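A.B. asks: This is the structure I have questions about; it appears just below.
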Amino acid sequence: MGYRTLKTAIGAAIAIAIAQYFDLASYASAGILTILCVQPTKKKSIHAAYTRLVASIVAMLFAFVSFEFFTYHPLTLAGMLLLFIPTIVSLKVADGFISSVVIIMHIYAAEGFSLALVYNELALMAIGYGTGIAINMYMPDIQKELNYYRVKIEELYSKIFLEIATYLRQGDTLWNGHEIIEAIRTLEEAKSLAFKDVENHFMRLKNDYYVYFDMREQQLEIIERVLPKVTTLPVIVQEAEIVADFLQDLGEHVHSGNTASHYREKLEHVKRDFSQLPLPQNHEQFIAQAALYQFIEEMDRYLEIKQSFKGLKAKKERPQ
């Protein structure tokens, strides 16, 4: 059972109990209004209450004009809804349609507009929406989950680099690349969770984990782009061993801190080592060397993206 399910059940019960205590007509509707306001995040809960409140007030105005100036009849209700729905859409509060219909039906069933009815409906809204917002102010801490995703992504990146290094040394590998697909899925889940944390803090515009996951996503795009360059080499050349050593080192030190400048310096050494090696003797060697040179250029971009990240203060840091 999730927190949202539990909060929905408790909130609905509290709203109905309060409405029943004040002897409001249709007191059970307070529970419905509360349920509609319990959202995945605090900001969404506030927005849900706002849209439903505005839509409900507009609904009361429409109901008063339609039923009092015409008649309490199903055709009048149908005509009113034909005008009411476009109105709340234009006001950008269409999400409040269901809750506003609840109010409209109360007025329709009463077959008469009075101050007592207006008070009753306003009280139901205050209790229902207020309880929904209040019950949704508690959100569980998700830092542990965010850190779990961080570690998982770093382990996947480490595995990818080590597998590429193995291929460059042996010229063959049984690796099927499933870590790439898993990394894509993990990053999507991680970014969604990090964004939820932003939505649960009214004064927070961004989350360090979200920035971190976004940075890793940019790096993954580079890995996907350059992977074919090193996994389709026609021959294994001397440069491959140099690149493999670099990737071995990088793969063993993937973490959320910022040590990219150190590895960019190492990459410069790799480029210098390349320049000291003999020129290709045939077309296949030329293609292999060109592919590896393109690869290290892309890896420089990979590290440049990491260098722009200030680093993440996470618990139980892995080495990188």
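A.B. asks: Using Cα atoms only, what is the angle between the long axis of helix 178-199 and the major principal axis of the chain, expressed in degrees (0 to 90) to the nearest 10?
C.D. replies: The angle comes out near 40 degrees.
A.B. asks: Show me, for segment 36-51, the HN-Hα J-couplings you get by feeding each phi into the Karplus relation (A = 6.51, B = -1.76, C = 1.60, θ = phi - 60°), rounded to Hz, glycine and proline as x.
C.D. replies: Each residue's phi maps through the Karplus curve to give 5, 9, 7, 10, x, 9, 5, 4, 5, 5, 4, 5, 5, 5, 5, 5 Hz.
A.B. asks: In degrees from 0 to 90, rounded to the nearest 10, what is the angle of the helix 3-21 Cα long axis to the longest principal axis of the chain?
C.D. replies: Once rounded, the angle reads 10 degrees.
A.B. asks: May I pose another question? Kindly express, to the nearest 10 degrees and within the range 0 to 90, the angle between helix 97-110's C-alpha long axis and the longest C-alpha principal axis of the chain.
C.D. replies: 10
A.B. asks: If one computes the Cα centroid of segment 6-51 and of segment 214-247, what distance in Å separates the two points?
C.D. replies: 54
A.B. asks: Below 8 Å between Cα atoms, with a sequence gap of 6+, how large is the relative contact order for segment 138-255 in percent?
C.D. replies: Relative contact order here is 44 percent.
A.B. asks: A further question on this structure: Over all distinct Cα pairs, what is the inverse of the mean 1/r for segment 133-184, reported as the Kirkwood hydrodynamic radius in Å?
C.D. replies: Numbers: mean 1/r = 0.0737 Å⁻¹.
Hydrodynamic radius (Kirkwood, Cα pairs) of segment 133-184 is 13.6 Å.
A.B. asks: For segment 208-297, what is the accessible area per residue in Å², given a 1.4 Å probe and the full set of protein chains?
C.D. replies: Numbers: 4420 Å² over 90 residues.
For segment 208-297, the per-residue accessible area is 49 Å².
A.B. asks: If one puts a single equal scatterer on every Cα of the chain and applies the Debye formula without solvent, what log₁₀ I(q)/I(0) results at q = 0.09 Å⁻¹?
C.D. replies: -0.65
A.B. asks: List the aspartates and glutamates whose alpha-carbon lies under 12 Å from that of Lys271, not counting same-chain residues fewer than 8 positions away?
C.D. replies: Of all the aspartates and glutamates, those that pass the test against Lys271 - Cα under 12 Å, at least 8 places apart if same chain - are Glu239, Glu297, Asp300.
A.B. asks: Just from its helices, what would the mean residue ellipticity at 222 nm be for the chain, if runs of 4 or more DSSP H residues each count -39500 (n - 2.57) and the sum is divided by every residue, rounded to the nearest 500 deg cm²/dmol? Write down the numbers at each step before the final one.
C.D. replies: On the way: 12 runs with 238 residues, N = 320.
Mean residue ellipticity at 222 nm (helix-derived): -25500 deg cm²/dmol.
A.B. asks: In addition: Over 31 Å between Cα atoms: which of Lys42/Lys92; Lys196/Lys266; Lys7/Lys306; Lys7/Lys92 fall into that group?
C.D. replies: Working: Lys42/Lys92 20 Å; Lys196/Lys266 38 Å; Lys7/Lys306 40 Å; Lys7/Lys92 27 Å.
In this structure, Lys196/Lys266; Lys7/Lys306 lie more than 31 Å apart at Cα.
A.B. asks: Could you please state how large a percent of the accessible area of the chain is carbon and sulfur, counting protein chains only and using a 1.4 Å probe? Spell out each step's value before the answer.
C.D. replies: Values: 10130 of 16670 Å².
With neighbouring chains kept in place, the figure for the chain is 61 percent.
The values are calculated or read from the model by the stated rules, or taken from the named source; none is laboratory data. Everything numeric here is computed off the predicted structure, so don't read it as measured data. The area values use the complete protein model at the heavy-atom level, side chains included, leaving out ligands, DNA and RNA. Shrake-Rupley method; radii C 1.70, N 1.55, O 1.52, S 1.80 Å.
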